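Single-structure report; data block below.
Each value in this text was obtained by applying a stated rule to the coordinates, not by laboratory testing. Fair warning: this is a prediction, and the values are worked out from it, not measured in the lab. With ideal geometry, Cβ positions are generated from the backbone for all residues, glycine too; neighbour counts draw on all protein chains shown.
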Amino acid sequence: MTFSVAAPPAVAVELFGVPRLLAAQRHVVVAGRTLGEVAGALAGACPALLGPVLDPGTGWLVDGYIFVAGERFSRDPGRVLGEGASVLLVSSVAGG
Amino acid sequence: MHGTHGRFLRVDLTERSVAAEAIPDTVFAGLIGGIGLASWLLVRHCPPGADPLGPENPLVFASSPFVGTGVTTASKIAVAAKSPQTGVIGDSLSSSYLAIALKRTGFDALVVTGRAATPTVLVVDDGRVSYRPANDLLGLAPERVAETLRAELGGGFRVAAIGVAGERGVRYAAIANDGRLAGRTGSGAVMGSKGLKAIAIRGSRLPAVADPKGLAAAARDLAGRSRGPATAKYREVGTAANLAFFDRIGVLPTRNFQSGHFAQAEAIGGETLLLEHGTDKHGCAACTVGCEHHYRTRDGNGGPETDARLEYETLFALGSLCGVGDPNDVLRAAARCDDLGMDAISAGATIAWAMECRERGVDLGSPMDEVPAFGDGPAVLRALDAIGARTGIGDLLAEGSRRAAEIVGQGSDAWAMHVKGLELPGYDPRKLQTLALGLAVGTRGACHNRSSAYEVDLSDRLDPDAEATMRATAAAAAEDQAAILDSLTLCKFLRHAFADLPAEAAALHSLVTGSPTTADDLLRSGERITNLKKGFNIAQGWTRTDDTLPPRVLSATPEAPTDLSRPWLDQMIAAYYGVRGWAADGTIPLAHSARIGLSGLVE
Ligand code: SF4
């Protein structure tokens, strides 16, 4: 018997503020079905985020950062993303 | 009470009289200090119906128990007067050394009434008052005034000054000190109406705090946290970081709120500005965060460039709101607002209103070439100069968008983007419903600093479909938290450095004052302060119809969809009054005033 496992979908992550400056890019495309997987993939794609933005131990966001997915703000690593999702990574300290 | 002197200095410029008056401990216990204290002094000294530009309008400067204690970011001074822009309470905060200088005079606050016969500098030296003629300072930018006075009087003096805008009565003129502004609601025009070009303050007596050792340890701990991820955005990029993100989610006010997206947002975004125009970074006195980013124009072709301090609010108001996408133009305009001494938000928003008038063919009573068009950066600069000098079209625009629209008519009030006469900040309320409520009911008008309700909208803490009472509760809590921080004179940029803000701030308060303070005490003070300010407004003629939003944001257009409508806004406002314990018409029942411990403080 053979199984075929679908590759995780590509997710376009747009970076704002400190994440953008650290990564020195505005967009990154990574693979992930959930926000948790996206965060993990981001760590590989942009190692400069490890520490200031992504926890090196868990691979998840440190306090102070949040994703926006489908117009919803979320710090839920289990949040499932749809096909062709676009995700924003931004400081959770809103406004000025 | 430790951390306070328990008295304020009252100066009447007409009589040239000076008096020291007591501030009971109950006032500090109930209203904390800062904005709470300034509001209390305003309520006591401003008669109902006072002309905001008349001698009877008091101009209040207040410190707080935290000023001068070394608690990070706490060096802020509160300024209050009846606003010439709104006709209701005008309260603002400005950071830095002036607050410490005032506290060192042996007084917690300064109340200035009357009107000087000729342009004057008020000098307060350790509580002794003298006057200096100011004729030679007229026309100077606030920074030059401060340099002149400090060179003459001594470097120990700190100076609050107005620019040309304050001298000429621009209704949104600011008071400047140490490169910072008490920016909104026109306190600079009040100061100018008193013939006061500047106030120079020096002192040598700080009050003792109750537990110096305990406070030093707690302050060190907080300072450590202030350097962590909770403030990274402000430290590393500054508030300008908001712009590109706000554009992306469609809440960046653009072309006078005709859209939430700006095509040139990336060109003037905080990240781009930092990389291409950033020069250095500063902090206010006694601040371990240091969020103030400085920039320089880069189009001088070897000639002189302009240096500017820029916050998000300045950036949106002189940038996307006016359709200006050249960062050099925005930086020059920001620097010009500082030199003229005026609030960049109201200046930009009033110019944006005029731009739309031009677009719609509305006659502003000036030659068309004086009226700037959307996107014309150099024309914005010319308009700012005209406003400061009140020449040509500037005389109309110096009135602010509400009054200008009333003068011009022709339906132009439909796109005058203000609440109670105060122009909207850089958050499009169409998609930020809790903030929309906060802006509508705000005591000083449309202000993101007094109602930081945008924070729940831009978070995962509130369901996007939340009903009216949940939004009302969140808006009231955000308003009260702002009142607490503004009265402790702690910077709002520090708020996420606290794990439990009310509890930790209460612990600091106990160490400073020696008066055991709980989180609940502070929360009740926040509520009391909001009610105090609302009570002032009611006494000055506020009515239910003043709590509203510009009609533009209540109906959708193809370019600007909205989650708001008139019935929904009214429903949220009714829920907010309910949460506050107010009557259905928004007035404060006497029994409520007594229940929250306010009536005893204002009788
Ligand atoms: S965080 Fe910024 S605004 Fe606040 S006190 Fe520090 S430098 Fe001033």
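Where does helix A:35-45 land angle-wise versus the long Cα axis of chain A, in degrees 0 to 90, nearest 10?
Once rounded, one gets 80 degrees.
Specify which residue in the list B:251, B:214, B:241 is farthest towards the positive end of the charge dipole of the range B:212-282, using unit charges on the beta carbon of Lys, Arg (+1) and Asp, Glu (-1), about the Cα centre.
B:214
Loop only by DSSP, 12 or fewer other Cβ within 10 Å of the Cβ. Give me the trypsin sites (Lys or Arg not before Pro) in the range B:424-460 that pass, ordered by residue number.
none
For the range B:98-147 and the range B:198-272, write down the distance between their C-alpha centroids in whole Å.
The range B:98-147 and the range B:198-272 have Cα centres separated by 28 Å.
Sort the range B:421-530 into rounded, prolate or oblate with this rule: let a ≥ b ≥ c be the square roots of the eigenvalues of the Cα gyration tensor; rounded if a/c is under 1.5, and if a/c is not under 1.5, prolate when a/b is larger than b/c, oblate otherwise.
The shape class here is prolate.
Just to confirm my numbers, what's the Cα centroid distance between the range B:575-603 and the range B:333-358 in Å?
37
About its Cα centre, what dipole magnitude does the protein assembly as shown give when the only charges are +1 on Lys and Arg Cβ and -1 on Asp and Glu Cβ, stated in debye to the nearest 20?
Once rounded to the nearest 20, the dipole reads 1380 debye.
Okay, helix-only estimate at 222 nm for chain B: each DSSP H run of n ≥ 4 adds -39500 (n - 2.57), divide by all residues, round to 500 deg cm²/dmol; what do you get? Walk me through the numbers before you get to the answer.
Numbers: 24 runs with 240 residues, N = 603.
When only DSSP H runs of four or more count, the value is -11500 deg cm²/dmol.
When ranked by the protection proxy of mean other Cβ atoms within 10 Å per residue, highest first, what sequence do the peptides B:66-79, B:162-175, A:33-46 form? Don't jump to the answer; show the numbers that get you there.
Working: B:66-79: 27.9, B:162-175: 29.4, A:33-46: 20.1.
Top to bottom by mean Cβ count within 10 Å: B:162-175, B:66-79, A:33-46.
Using modelled backbone amide H atoms (1.01 Å from N, in-plane), which distant-in-sequence or interchain residues come within less than 5 Å of residue A:10's amide H?
A:84
I'd like the distance between the alpha-carbon centres of the range B:297-316 and the range B:155-184, rounded to an integer number of Å.
So the two Cα centres are separated by 21 Å.
Compute, for chain A, the length of the dipole vector about the Cα centre, with Cβ point charges of +1 (Lys, Arg) and -1 (Asp, Glu) only. Units Debye, rounded to 20.
100
Can you give the direction-averaged projected area of the convex hull of the alpha-carbon atoms in the protein assembly as shown, in nm²?
31.5
If you rank B:353, B:568 by fewest surrounding Cβ atoms within 10 Å, what's the result?
Least to most surrounded, the residues fall as B:568, B:353.
Going Cα to Cα from residue B:533, which lysines come in below 30 Å? Please leave out same-chain ones fewer than 8 positions away.
B:76, B:82, B:103, B:194, B:197, B:420, B:431, B:492
What does the charge dipole of the range B:205-300 about its Cα centre add up to, to the nearest 20 debye, if the Cβ of each Lys and Arg holds +1 and the Cβ of each Asp and Glu holds -1?
Details: 12 positive and 10 negative charges, 76 e Å.
That gives the range B:205-300 a dipole magnitude of about 360 debye.
Over chain A, calculate the relative contact order: mean separation of alpha carbon pairs under 8 Å at least 6 apart, over the residue count, as a percent.
33 percent.
Could you sort B:504-512, B:330-338 so that the peptide with the highest average Cβ count within 10 Å comes first and the rest follow in order?
Result, highest mean first: B:330-338, B:504-512.
Quote the relative contact order of the range B:97-170 in percent (integer), defining contacts as alpha-carbon pairs under 8 Å separated by 6+ residues.
With pairs under 8 Å counted, the relative contact order is 26 percent.
Give, as a single signed number, the net charge of other residues whose beta carbon lies under 11 Å from the beta carbon of residue A:33, with Lys and Arg counted +1 and Asp and Glu -1.
-1
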